[in-house]
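Each remark here refers to the structure printed beneath this line.
The values are calculated or read from the model by the stated rules, or taken from the named source; none is laboratory data. In this text the structure is predicted, and so the values were computed from the model without any measurement. Note that we place each Cβ from the backbone using ideal geometry, even for glycine, and neighbour counts take in every protein chain shown. Protein only, heavy atoms only, side chains kept; ligands, DNA and RNA dropped before computing areas. Shrake-Rupley method; radii C 1.70, N 1.55, O 1.52, S 1.80 Å.
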Amino acid sequence: MITQKLNDLITRIGPATPAGDVLRRYWQPAALVDELQGADPMVPVNLMGERLVLLRDADAGLVLRTRVATADEAPTHHPAGADIQVDPEGATYPVVEKNGICFAYMGPGAAPDFPNFDCFRAPDSHAFAFKGLWECNWLQALEIGIDPAHASFLHRFLQDEDPADSYGKQFRDMAAETNIPITQVLREYPRPDISVEETEFGLKITSLRHMKNGMTHVRVTNQVFPEAICIPMSREMTITQWHVPIDDENCYWFTMFTSFDKPVDKELMRAQRLEEHTLPTYAPVKNARNQYHYDPEEQATTTYTGMGLDINVHDQWAVESMGAIQDRTREHLGRGDAAIVRYRLMLRRAIKALQKNQASALPMSGGNVAEIVGPLSNDAVTTTEDWEAASRQADQARRAECPWDATV
Amino acid sequence: MTALHQCQAFEDILDGYFPLAESARQMLVRQGLQVMWITLLQAPVMTLPGLGPTEPVPLHVPKIHAGLIDQITLCAALLRDGTVVLAGAGQWFWTDGRAAAQPFPTLTRLGEPAFVRGVGLVPAPSSETTTPDHLAWTLTPFEPGIAWLEDRDLGKVTLFGTGNPEDLRAPLPVPAQLPGAALQGRLMLSADRTPKFWNMVATSSVSV
């Protein structure tokens, strides 16, 4: 449990805040490429406590400019392009398009290189991006993504779906090369051993579920500093997801889906997600105001939450129900929160480093950022003794068969 | 009598919510160590007025004095009677503005579990004769990443850090001396570097 002052230190991200200063040193997703409509788009972007507009500059290409806004403007206010007025005195930030997402750099000095992650290396045919609004602080949104144990409860399915219907859905595939649905593994083995390692990009998180007959399910996920995760979605796809602050009490998740096998069926992926979100704000259809469409009958027979089959809604409910900014004066972390403990240490060290003008101490601040590849993110099932090797071999095998260059 | 102490480097999570000495005792037992040196970085801490040393932290806390450890190198030893002694040096602050120069309160609890790296001594097989009654030491920085730990009774001990100069810093050496019978002897360490950890082997000659 920490006091409000210490909580503010790691959660508040507006201009000239300690955590905000850290996040601004990294490229931040600002908008989906899908939102750029027409030859002269004017897309409102509310990001890091600032009111901005994404537009094409004659000389600089895509940029983020400051727009005129009232102090009481709603966090997701989305004015029409014709109503947007650029503030000529405001800041301008560079923008780069990467596989469906427009990234902006809002920090000092030259923008850093992008790491050469799989999500950026994959060709457009094998990538798909989407976003969604969560009405809560970015940190609690990130921290649910680095808790490997919660999936056994929050995303528990009492019945296992046919994997043939699993396209585009998290946790609905078979576990590795077995005929065991991942939903079954998570349901029947709810107490993983969790280990965390520091990497050049953040953290590698390994959860082991020791199964019958001396077998172990190995799930490798990653925290990409400062506020992203890279996790397996299926045998052929990974998810790289950023939790981007709109302000202190609202954030967008931006997700890149990366396929290591067939081209992504973008129409299906987009249609699945547009059923659950309203445009232009990408606000979820299910939310606190309609109890996330909670159904007690479904809870009794089908899902742990009773809030439908989309695991994103389960996460949304869990993080939004903590309050706009999680009250960590009432928090009791345990040993299962190992990755959260390690992450907060990284974040606090980064904050301290910037306060001491030591930006070079931040993760991925060296000159070799563009050489960072991967990360390994997969599920594997193997004998208990060789789980580490099995995870690496599964990764190498997938990369070897990948139609685009995914070698590491 | 000669006893062999094995040294080992380790990583672990120091549990929160107990007084620091109790968290350290649990870590010593969990790791199978007699003495350990660990580094705490950016760790929230708290003292709860009126809460006894063995009382658990309640779900709703009426008042906390909170702070943050910037960095502390903490030495902990498990004595023959099962008690734990602590000594350390480092920097911290309290969020209510109290002066950090005050001694670190003995009932300070971690506000969150803390990831630590450290080095420890595994007790010798004949631990009854080598478990110290007391330890007296100073911690002195030598160069970035390396510090000398000198135990006035057991001799000079060299510690190597994990390669990060921040992990071992002791700008304010704090000697800790406790009453009790002195052990005569000398403790020597040599280090073999591995890609990830520093492995060490120690020998000690102890006169009983």
Legend entry - Accessible surface buried once A binds B (1.4 Å probe; total of both sides; Å²): 2400 Å²
Legend entry - Square roots of 5 times each gyration tensor eigenvalue, C-alpha, region A:277-316, largest first, Å: 21, 10, 7
Inset, instruction - Could you tell me the distance between the Cα centroids of region A:31-102 and region A:219-252, to the nearest Å? - result: 23 Å
Inset, instruction - Please work out the FRET efficiency for the pair A:GLN393 and B:LEU107, using the Cβ-Cβ distance as r and a Förster radius of 51 Å; give the result to the nearest 0.05. - result: 0.50
Legend entry - Simple spin-label estimate for A:GLU275 and A:ASP83 in nanometres, 7 Å along Cα-Cβ: 3.2 nm
Legend entry - In sequence order, calculated HN-Hα J values of region A:197-210 (Karplus, 6.51, -1.76, 1.60; Hz; x Gly/Pro): 10, 6, 10, 6, 10, x, 9, 10, 10, 10, 10, 10, 10, 7
Legend entry - Accessible area per residue in Å² at 1.4 Å probe, computed on region A:58-190: 41 Å²
Inset, instruction - Take chain A, compute every pairwise Cα distance, and split them into 20 Å bins from 0; I just need the percent in each bin. - result: 27, 61, 12, 0
Legend entry - Cα-derived Rg over Rh, computed across region A:1-47 with Rh taken as Kirkwood radius: 1.19
Inset, instruction - Could I have the simple spin-label model distance between A:GLU177 and A:ALA16, label points 7 Å from Cα toward Cβ, reported in nm to one decimal? - result: 5.9 nm
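Per residue of B:35-44, count partner chain C-beta atoms within 10 Å of its C-beta, then hand back the mean as an integer. Provide the component values of the computation, followed by the final result.
Values: counts 0, 0, 0, 0, 0, 1, 4, 9, 4, 10.
Shielding by partners across B:35-44 averages 3.
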Inset, instruction - As a check on your grasp of the helix formula, calculate [θ] at 222 nm for chain A: sum -39500 (n - 2.57) over DSSP H runs of n ≥ 4, divide by the residue count, round to the nearest 500. - result: -6500 deg cm²/dmol
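If R0 is 56 Å, what FRET efficiency do you get for A:ASP40 and A:ALA361 from their C-beta distance, rounded to 0.05? If you can, show how the numbers build up before the last one.
Values: r = 42 Å, r/R0 = 0.75.
Efficiency for this residue pair is about 0.85.
Accessible area per residue for region A:237-372 in Å², computed with a 1.4 Å probe and the full protein assembly in place, what is it? It would help to have the intermediate numbers written out before the result.
Working: 5650 Å² over 136 residues.
On a per-residue basis, 42 Å².
So what are region A:109-225's ellipsoid semi-axes, whole angstrom, largest first, if each one is the square root of 5 times an eigenvalue of the alpha-carbon gyration tensor?
Values: eigenvalues 154, 70, 53 Å².
Sorted largest first and rounded, they come to 28, 19, 16 Å.
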Inset, instruction - Starting from the amide H of A:GLN170, placed 1.01 Å from N in the peptide plane, find each other amide H under 5 Å away whose residue is 5 or more places distant or on another chain. - result: A:ILE311
Legend entry - Within 10 Å of each Cβ in B:105-115, the average number of Cβ atoms from other chains: 4
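Measure up A:LYS98/A:LYS204; A:LYS204/A:LYS352; A:LYS266/A:LYS286; A:LYS204/A:LYS262; A:LYS98/A:LYS169; A:LYS131/A:LYS212 against 30 Å on the Cα-Cα distance and list the ones that go over. Numbers along the way, then the final one.
Values: A:LYS98/A:LYS204 23 Å; A:LYS204/A:LYS352 23 Å; A:LYS266/A:LYS286 23 Å; A:LYS204/A:LYS262 26 Å; A:LYS98/A:LYS169 23 Å; A:LYS131/A:LYS212 39 Å.
In this structure, A:LYS131/A:LYS212 exceed 30 Å between Cα atoms.
Fully extended, how many nm does the chain gain between A:ASP327 and A:LYS212 (0.36 nm per residue separation, minus their Cα-Cα distance)? Before the final figure, lay out the partial values.
Working: separation 115, 0.36 × 115 = 41.40 nm, distance 3.96 nm.
Gain in length upon complete extension: 37.4 nm.
Gain in length, A:ASP162 to A:LYS262, computed as 0.36 nm per residue apart minus the alpha-carbon separation, to one decimal in nm?
Gain in length upon complete extension: 34.0 nm.
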Legend entry - Label-point gap, in nm, between A:GLU188 and A:THR70 - each point 7 angstrom along Cα→Cβ: 5.9 nm
Inset, instruction - Can you check how the C-alpha radius of gyration of region A:40-179 compares to 2.2 N^0.38 Å, as a plain ratio? - result: 1.37
